[in-house]
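> Below: one structure in structure tokens.
The values are calculated or read from the model by the stated rules, or taken from the named source; none is laboratory data. Bear in mind the structure is a predicted one, so any value in this text is a computation, not a measurement. Here Cβ is always computed from backbone atoms with ideal geometry, including for glycine, and neighbour counts include all displayed protein chains.
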Amino acid sequence: MGFRKIEAIIRSEKLEEVRVALDKEGFVGMTVTEVRGRGSQGGILLEWRAGEYRVEFLPKLKIELVVDDFDLQRALKAIEESARTGTTGDGKVFVYTVDNIIRIRTGERGGKAL
Amino acid sequence: MINSGDTAWVLISTALVILMTPALAFFYGGMVRKKNILSTIMLSVAILALISIQWVLFGYTLAFGPDIKHLIGGLDWLGLIGVGQAPNAVYAATIPHLAFMVFQLAFAVITPALITGAFVERINFPAFLVFTLLWATFVYDPVAHWVWGMGGWLKNMGALDFAGGTVVHITAGVSALALALVIGKRKGYGKYPMEPSNIPLTVLGAFLLWFGWFGFNGGSALTSGGLATLAFVVTNTSAAAAALTWMIISWIHKRPSVLGLSTGAVVGLVAITPAAGFVSPLSAILIGAVASIVSYYSILLRTRSGLDDSLDVFACHGMGGITGALMTGLLAEKAINVAGANGLLFGNPHQFIVQVIAVTVVAVFAFVFSFVFGKIVDAMFSLRAKSEEEEIGLDITQQAESAYN
């Protein structure tokens with residue numbers, strides 16, 4: 001049995017919807033980081049005093065959580081459905097294999113620490 | 001004879017105008033990148049300290065001291081010797097001479113601060129101090145004498161400049177152009193995006209400038225009666241007309257931008273400055289609207305030219321000041337201020353010609369001297385920060401401080 005880390009880059013305004021969707025599926029613990037990035041569409045143009053200036057990196061949020069292999073598809077489905085708007089910029093999800101998990105307070109390892 | 005109402009108004013106005021320099025610091029600071037916001041603010045507030053001393057020691061006497069050949073003030077009032085609590089009837093008969101002096105100090109301070117917008121994010125601080133001192137002494141003080149000093153040659157010719165459209169804004173605007181040429185573009189300008197650090201700070205600065213401008217123009221009446229009130233009203237009216245015009249232009253282009261509206265407000269304030277005591281409120285609407293259009297397209301042209309007058313001092317203050325000075329020559333009315341003159345549209349084409357001459361002479365003088373002083377200071381102290389200092393950011397490398405932690 002193994003564990004997977006889900007790293008989801010999402011629209012900042014979708015955080016609460018994603019959090020509620022994960023909560024409903026029983027995934028409570030997660031880490032959120034403010035990040036800046038760009039996809040294949042590149043940056044956007046904003047208004048300057050006269051004319052425009054380009055912003056190449058847009059603000060996004062990165063959610064990280066670790067789940068049991070067995071729960072992976074449920075977690076991914078919750079994120080995808082809650083974070084999707086259907087327009088460019090909805091973000092991406094990456095899934096990694098996790099070697100081990102340690103709960104610092106107790107020293108528990110593996111599934112018990114999850 | 002000292003009038004307490006006049007004195008109170010001029011002192012309050014002085015405090016308002018002194019507030020404009022820190023307001024400008026934030027107006028400019030919000031538009032530069034995060035790594036340079038403190039160093040940009042520093043340029044303006046350092047000038048407030050530096051020129052306050054220069055003015056007391058010798059600036060005031062050079063600008064307003066007893067006339068020498070219509071070109072410069074004599075050194076009679078060096079260190080403010082002889083400038084006391086009694087009025088100087090030549091300049092302002094109802095307020096202490098010291099009140100007139102300190103009101104003018106506030107103008108001498110903000111003018112070089114305006115120029116700093118041209119060289120933010122790459123200026124070498126010690127060289128900047130030397131340039132500012134030279135500029136204040138050999139550009140601002142003589143021009144202030146020509147236009148406002150008793151016996152000054154442009155004043156004698158009848159040039160109208162109520163509160164400094166020519167003395168403050170045209171000198172600052174064209175000098176900014178000269179300095180932008182001498183110092184060159186910021187590294188990566190036009191190649192990499194340069195995101196403004198904090199637009200709300202810029203908006204706050206712009207509207208504090210609007211507030212302070214009531215002192216700038218209203219105080220220039222040097223009395224607290226009807227003329228100050230007229231200047232107050234046309235100032236607000238022109239700023240509003242220019243802000244609306246700029247908002248509409250940016251809306252047609254894309255969206256009604258708050259940075260655009262704020263820039264428009266400042267341009268409207270610049271343009272009404274020379275006209276404030278001479279035109280009607282309806283004329284003020286026209287002046288503000290026209291100046292907005294002129295400055296908006298000046299920024300676009302400047303951007304296309306590739307010249308890095310980083311915060312568009314020339315487009316906003318130079319072109320705004322020129323527009324205001326020329327429109328004063330069109331729209332001034334003796335019916336509004338008997339001490340003024342009629343403009344071209346009120347049957348006096350001569351006034352328009354005088355305005356053109358004053359604008360041209362001052363612009364050429366300020367440009368040439370700024371360029372030369374820029375080159376001299378650059379050769380002696382390097383006007384530009386070191387390449388790696390510019391990359392890291394001037395907050396850390398020039399001030400050893402960080403705005404955001």
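> Can you name the residue in region B:166-194 that is assigned to a loop (DSSP other than H, G, I, E, B) and either in contact (Cβ under 8 Å) with a residue 24 or more places away in the chain or surrounded by 24 or more Cβ atoms within 10 Å (Cβ to Cβ) (or both) and is also nearest to the other protein chains (Cβ to nearest Cβ) among such residues?
Of the residues in region B:166-194, the ones assigned to a loop (DSSP other than H, G, I, E, B) are B:184-194.
Checking which are either in contact (Cβ under 8 Å) with a residue 24 or more places away in the chain or surrounded by 24 or more Cβ atoms within 10 Å (Cβ to Cβ) (or both) leaves us with B:184-187, B:189-190, B:194.
Working: B:G184: 20, B:K185: 15, B:R186: 13, B:K187: 17, B:Y189: 12, B:G190: 11, B:M194: 7 Å.
Across region B:166-194, the extreme among qualifying residues is B:M194.
> Name the pairs: first residue in region A:33-52 and free of Cβ contacts under 8 Å to residues at least 12 places away in the same chain, second residue assigned to a loop (DSSP other than H, G, I, E, B), Cβ to Cβ under 7 Å, at least 6 apart or on different chains?
Matching pairs, first to second residue: A:E47/B:K254; A:E47/B:R255; A:E47/B:S257; A:R49/B:D312.
> Still on this structure, please answer the following. Do the conditions hold for B:H317, that is, is it assigned to a helix (DSSP H, G or I), under 21 Å from the mean Cα position of the chain (by Cα) and of a type outside the set (A, V, I, L, M, F, W, C)?
Numbers: assigned to a helix (DSSP H, G or I): yes; under 21 Å from the mean Cα position of the chain (by Cα): yes; of a type outside the set (A, V, I, L, M, F, W, C): yes.
Yes.
> Moving on. Considering only residues that are surrounded by 24 or more Cβ atoms within 10 Å (Cβ to Cβ) and aromatic (F, W, Y), look in region B:274-297 and name the one that is farthest from the other protein chains (Cβ to nearest Cβ).
Here the answer is B:F278.
> Looking at (1) touching a helix residue (DSSP H, G or I) at 6+ places or on another chain (Cβ under 8 Å); (2) without any contact (Cβ under 8 Å) to a residue 60 or more places away in the chain, which is the one condition that is false for B:M319?
(2)
> Within region A:11-33, identify whether any single residue is more than 14 Å from every other protein chain (Cβ to nearest Cβ), under 30 Å from B:R302 (Cα atoms) and out of contact with any helix residue (DSSP H, G or I) (no Cβ under 9 Å at 6 or more places or on another chain), and answer yes or no.
So the first thing to find is which residues in region A:11-33 are more than 14 Å from every other protein chain (Cβ to nearest Cβ), and the list is A:11-33.
Subsequent filtering for residues that are under 30 Å from B:R302 (Cα atoms) retains none.
No, region A:11-33 contains no residue that is more than 14 Å from every other protein chain (Cβ to nearest Cβ), under 30 Å from B:R302 (Cα atoms) and out of contact with any helix residue (DSSP H, G or I) (no Cβ under 9 Å at 6 or more places or on another chain).
> Any chance region B:223-240 includes a residue that's of a type in the set (F, W, Y), at pLDDT 95 or above and under 26 Å from B:S310 (Cβ atoms)? Talk me through it step by step, then tell me what you get.
As a first pass, look at region B:223-240 and keep what is of a type in the set (F, W, Y): B:232.
Those left that are additionally at pLDDT 95 or above: B:232.
Subset that is under 26 Å from B:S310 (Cβ atoms): none.
Checking region B:223-240: not a single residue is of a type in the set (F, W, Y), at pLDDT 95 or above and under 26 Å from B:S310 (Cβ atoms).
> Starting from region B:73-84, keep only residues that are touching a residue at least 24 places away in the same chain (Cβ under 8 Å), then list their pairs with residues that are of a type in the set (A, V, I, L, M, F, W, C) whose Cβ atoms are within a distance under 8 Å, requiring at least 6 positions of separation or different chains.
Between residues of region B:73-84 that are touching a residue at least 24 places away in the same chain (Cβ under 8 Å) and residues that are of a type in the set (A, V, I, L, M, F, W, C), the close pairs are B:G73/B:L62; B:G73/B:A63; B:G73/B:F64; B:L80/B:V56; B:L80/B:L98; B:L80/B:M101.
> Tell me which residues, restricted to region B:13-44, are more than 22 Å from B:F100 (Cα to Cα), part of a helix (DSSP H, G or I) and either under 15 Å from the mean Cα position of the chain (by Cα) or among the hydrophobic types (A, V, I, L, M, F, W, C) (or both). Walk me through how you get there before you give the answer.
Taking region B:13-44 first, the residues more than 22 Å from B:F100 (Cα to Cα) are B:23-44.
Still in the list and also part of a helix (DSSP H, G or I): B:23-29, B:34-44.
B:A23, B:L24, B:A25, B:F26, B:F27, B:Y28, B:I37, B:L38, B:I41, B:M42, B:L43, B:S44, listed by residue number.
> State all residues of region B:49-76 that are assigned to a helix (DSSP H, G or I) and either among the charged types (D, E, K, R) or crowded, with 21+ Cβ neighbours inside 10 Å (or both); if no residue qualifies, say none.
At the first step, the residues of region B:49-76 found to be assigned to a helix (DSSP H, G or I) are B:49-64, B:75-76.
If the condition is that a residue be assigned to a helix (DSSP H, G or I) and either among the charged types (D, E, K, R) or crowded, with 21+ Cβ neighbours inside 10 Å (or both), then B:I51, B:Q54, B:W55, B:G59, B:Y60, B:T61, B:L62, B:A63, B:F64, B:D76 are the ones that fit.
> On to the next question. Considering only region B:358-375, I want to know if a residue exists there that is surrounded by fewer than 24 Cβ atoms within 10 Å (Cβ to Cβ), assigned to a loop (DSSP other than H, G, I, E, B) and at pLDDT 95 or above.
no
> Write out, first by first residue and then by second, each pair whose Cβ atoms fall under 8 Å of each other, whose residues are 6+ apart or on separate chains, and whose first residue, in region A:76-88, is of a type in the set (S, T, Y) while the second is modelled with pLDDT of 95 or more and loosely packed, with under 15 Cβ neighbours inside 10 Å.
Filtered contacts from region A:76-88: A:S82/A:V20.
> Only residues that are among the small types (G, A, S), surrounded by fewer than 13 Cβ atoms within 10 Å (Cβ to Cβ) and closer than 22 Å to A:K24 by Cβ: list them for region A:79-110, please. Explain how you work it out, then say what you get.
The first filter runs over region A:79-110 and keeps only residues among the small types (G, A, S), leaving A:82-83, A:86, A:89, A:91, A:107, A:110.
In the following step, the residues that additionally are surrounded by fewer than 13 Cβ atoms within 10 Å (Cβ to Cβ) were identified as A:86, A:107.
The answer is A:G86, and nothing else.
> Can you tell me how many residues within region A:34-69 are touching a Gly at 6+ places or on another chain (Cβ under 7 Å) and within 11 Å of chain B (Cβ to nearest Cβ)?
Residues meeting the conditions: 6.
> Further question on the same structure: Only one of (1) in a helix (DSSP H, G or I); (2) crowded, with 20+ Cβ neighbours inside 10 Å is not met by B:A163, so which one is it?
(1)
> Being in contact with a helix residue (DSSP H, G or I) (Cβ under 6 Å, 6 or more places away or on another chain), in contact (Cβ under 8 Å) with a residue 24 or more places away in the chain and surrounded by 24 or more Cβ atoms within 10 Å (Cβ to Cβ) narrows it down to one of B:F125, B:F119, so name that one. Let's see the steps before the verdict.
Working: B:F125 fails: surrounded by 24 or more Cβ atoms within 10 Å (Cβ to Cβ).
When all the criteria are applied, what remains is B:F119.
> Now, a different point. Any idea how many residues of region B:177-233 are more than 22 Å from B:P96 (Cα to Cα) and of a type in the set (S, T, N, Q)?
Total meeting the criteria: 3.
> Another question, then. Considering B:G225, B:G264, B:G205, B:G260, which residue is of a type in the set (G, A, S), out of contact with any Cys (no Cβ under 7 Å at 6 or more places or on another chain) and under 21 Å from B:T171 (Cα atoms)?
Values: B:G225 fails: under 21 Å from B:T171 (Cα atoms); B:G205 fails: under 21 Å from B:T171 (Cα atoms); B:G260 fails: under 21 Å from B:T171 (Cα atoms).
After ruling out the rest, the residue left standing is B:G264.
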